[in-house]
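Worksheet: one structure, shown below.
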Amino acid sequence: MYYCIAGLCSVYAHAQVGIDTNSPNSTLDVNGKTTLRKELRVGGTPTQVGNAGLNGQVLVSQGENLPPVWKSINVSFMEEGQYKLINSYLSLDQKGITSLSNGVAGDMIYTNVVGDNITDTSKGKWLKIEGLENNFTVKNPKNRITYQFQTGIELKAPVATTSQNISFTCGVFRGGKLVAVRPDKVSSTNNTDKGGFQDYIFTLNYTEQNVPLGAQKIEVACRKIESSDVNSQFSIGRNISNSNTVSNAFTLESDLKIDIIEYVTYKAN
């Protein structure tokens, strides 16, 4: 454009500059590598220099016709080949299992193997802790899934001055198949002051690798193996009776935490 007023003339031209290209598509079009020897500033005006951002900030697009802005991020960068926590699920239950108490004998099955079916009574008479069931979807074939289960166990001997014990086991099932199991034993002490009660905390931690893709259902179940006295009272994940002052459903509740960790990969644009 050309202007001439009272003998004063000026020329204004709007042009596009191309580097290594004869057909630039923007004000500055660089067809090749770019090296910056100092800071990159954005958002400047004819009277104010642009913003160079702060140490550790990243440049984020605001869309077409808007300048990018510097932003701080609250998560660390993940390198390809590392594992990253994707999701965590926490389930709580205070109903527990009370149907393995006095008069109920153990199933006398002492071993299990991975893959045992939760409904196969030849592998044990499993009872579920219903409130701990969890469902999620695995989306990355390279993964690690960690199960952290904790529950309270309570035993009450028929006679406070006579020690008794109960062997039991709890396991984690995925799709109805056993993936993790740990047997244990709780024993009462002949302590009259405690009225024959004995409380105990049971824990089970296990990590599966490369769980198949798709929907997954996780359940926790326990079973009674044997008892020194079939008349001993026994509960898992809650107190035997609300009338005792030794414990309650809250202090003996069951917790299941599931962490889904996936392998980090980046796709080329």
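Side notes on the structure shown:
- Applied to region 110-117, the Karplus parametrisation 6.51 cos²θ - 1.76 cosθ + 1.60 on θ = phi - 60° returns per-residue 3J(HN,Hα) values of 9, 10, 9, 10, 4, x, 4, 7 Hz, with x for Gly and Pro.
- Cross-link pairs exceeding 29 Å between alpha carbons, from the set Lys38/Lys142; Lys95/Lys224; Lys194/Lys217: Lys38/Lys142; Lys194/Lys217.
- Apolar share of the accessible surface for the chain: 50 percent from carbon plus sulfur atoms, 1.4 Å probe.
- The value for the chain of Rg(Cα) / (2.2 N^0.38 Å) is 1.79.
- Looking at the chain alone, DSSP beta bridges between its own residues are antiparallel in about 95 percent of cases.
- Note on Thr45 and Ser122: the model spin-label points, each 7 Å out from Cα along the C-beta direction, lie 8.3 nm apart.
- Kirkwood Rh in Å, taken over region 81-218 so that all alpha-carbon pairs contribute: 17.1 Å
- Each principal axis of the Cα atoms in region 227-267 has its own extent, and those three values, largest first, are 62, 25, 9 angstrom.
- 3J(HN,Hα) from dihedral phi, region 55-68, Karplus parametrisation 6.51/-1.76/1.60, rounded to Hz, x for glycine, proline: 4, x, 6, 10, 8, 10, 5, 10, x, 5, 6, 10, x, x
- Computed from label points 7 Å out along Cα-Cβ, the spacing between Thr162 and Thr111 is 3.3 nm.
- Converting phi to 3J(HN,Hα) with the Karplus coefficients 6.51, -1.76 and 1.60 and the offset θ = phi - 60°, region 222-237 yields 10, 8, 8, 8, 7, 9, 5, 9, 4, 8, 5, 8, 8, 9, 10, x Hz in sequence order, with x at every glycine or proline.
- Sites Gln57 and Tyr200, calculated FRET efficiency, Cβ-Cβ separation with R0 45 Å, nearest 0.05: 0.30
- Straight-distance crosslink candidates among aspartates and glutamates, where the alpha carbon sits under 15 Å from Lys177 and sequence neighbours closer than 8 are dropped: Asp116, Asp120, Glu133, Glu208, Glu219
The values are calculated or read from the model by the stated rules, or taken from the named source; none is laboratory data. This is a predicted model, so every value here is computed, not measured. Every residue, glycine among them, receives a Cβ derived from its backbone with ideal geometry; neighbour counts consider all protein chains shown. Note: areas computed on protein heavy atoms with side chains; ligands, DNA, RNA excluded. Shrake-Rupley method; radii C 1.70, N 1.55, O 1.52, S 1.80 Å.
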